[in-house]
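Below is one structure, written out as structure tokens, with a few remarks after it.
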Amino acid sequence: MNAVPIFEAKNRLPFFIHKAETEGPVAISRRNKEVAFIISKEDYEAMSVSKPKSVVETIRERHKKYGLDDDDFDYTEYFDSLRERDCFGRAGDEHIFDEV
């Protein structure tokens, strides 16, 4: 990316704003060092974070992204089936954490 000197950006600001809207960020330089960028409103909003997402919101978004939002798998039944039932002399359908 070639940076535009500040004086040129100042003199041709509308041109560089249009370029940022259509082509992406425009680097601005001072003494041959990038110091700023002109970016479109759309790019700015995509980078802005209004509030952090909760873990639950993130998981829901990922489920939707990967097509798992209609997941009807019964996880409770699955994990219950993995528990050791015949533990410490308990009957077959009792578990050590079940109240007796």
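Quick look at the numbers
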| item | result |
| --- | --- |
| Net lengthening on full extension, Ser29/Ile59 (0.36 nm per residue, minus Cα-Cα) | 6.7 nm |
| Potential lengthening between Ile17 and Tyr66 on full extension [0.36 nm per residue; Cα-Cα distance subtracted] | 14.0 nm |
| 5 angstrom amide H check on Ser29, placed H, neighbours 5+ away | Val4, Ile6, Val35 |
| Label-point gap, in nm, between Lys10 and Ser81 - each point 7 angstrom along Cα→Cβ | 7.3 |
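Bear in mind that the values in this text are calculations on the coordinates, not laboratory data. Source: prediction; values computed, not measured. So basically every Cβ, Gly included, is an ideal-geometry build from the backbone, and we count neighbours across all protein chains shown.
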